[in-house]
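Read-outs: derived from the displayed coordinates by stated rules, not from any lab. From a predicted model like this one, the values you see are computed outputs, not experimental measurements. Positions of Cβ are backbone-derived with ideal geometry, glycine not excepted, and every protein chain shown enters the neighbour counts.
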Amino acid sequence: METMLKIAMKASISEVLGTMFYMPLEFDMEEVLEKSFLWQADALLAASLSFKGPFNGLVIFWVPENILCTMTSDFLGEQCVSKEQMAETLKEIVNMVAGNTFSNFDNTREFRLGIPGIITRALPGSPVLSGRGLFLGIESVEGPLGLWIGFTS
């Protein structure tokens with residue numbers, strides 16, 4: 001199951017970020033959360049989304065603020081964007097990635113997605129990341145991104 005879910009995560013990120021933001025991406029399927037290059041990025045932001053279905057858990061997507069600013073500007077077609085607009089873009093990205101991931105994983109099962117929110121304590125060693133989960137390291141031209149799906153049951 002975990003291998004198929006990680007493949008679905010990769011496909012989803014490619015579809016969402018490639019289509020919406022025209023971002024060329026590379027993936028490190030073996031990168032581990034604790035040793036990710038992601039943690040070297042400045043001003044890292046994260047959004048999370050809970051889900052329920054055949055298994056339950058939490059999806060977290062990380063992006064450095066400078067990359068999110070560019071993504072939000074491109075998405076909205078505006079040069080100057082606010083922190084609120086960036087937060088809304090990040091929440092929309094995690095929502096689309098989660099929905100697309102579960103559809104790619106198994107479109108015959110129902111997954112119910114929660115309301116996305118900004119998360120501030122999503123670093124290695126924090127309680128939210130203490131359980132079992134899958135991490136996907138993502139490298140864009142502008143820098144690293146990360147996607148994690150944690151399992152609660």
Provide Lys35, Lys52 in ascending order of the number of other Cβ atoms located within 10 Å of each residue's Cβ, fewest first. Lys35, Lys52
Taking placed amide H atoms and a strict 5 Å upper bound, the residues 5 or more places from Phe55 or on another chain that come that close are none
How large is log10 of I(q)/I(0) for region 19-153 at q = 0.12, 0.15, 0.16 Å⁻¹ when the intensity is taken from the Debye formula with one equal scatterer per alpha-carbon? -0.45, -0.72, -0.82
What helix-only [θ] at 222 nm does the chain give? Using -39500 (n - 2.57) per DSSP H run of at least 4, over all residues, to the nearest 500, the answer is -12000 deg cm²/dmol
Could you please rank Met71, Met9, placing first whichever residue has the fewest other Cβ atoms within 10 Å of its Cβ? Met71, Met9
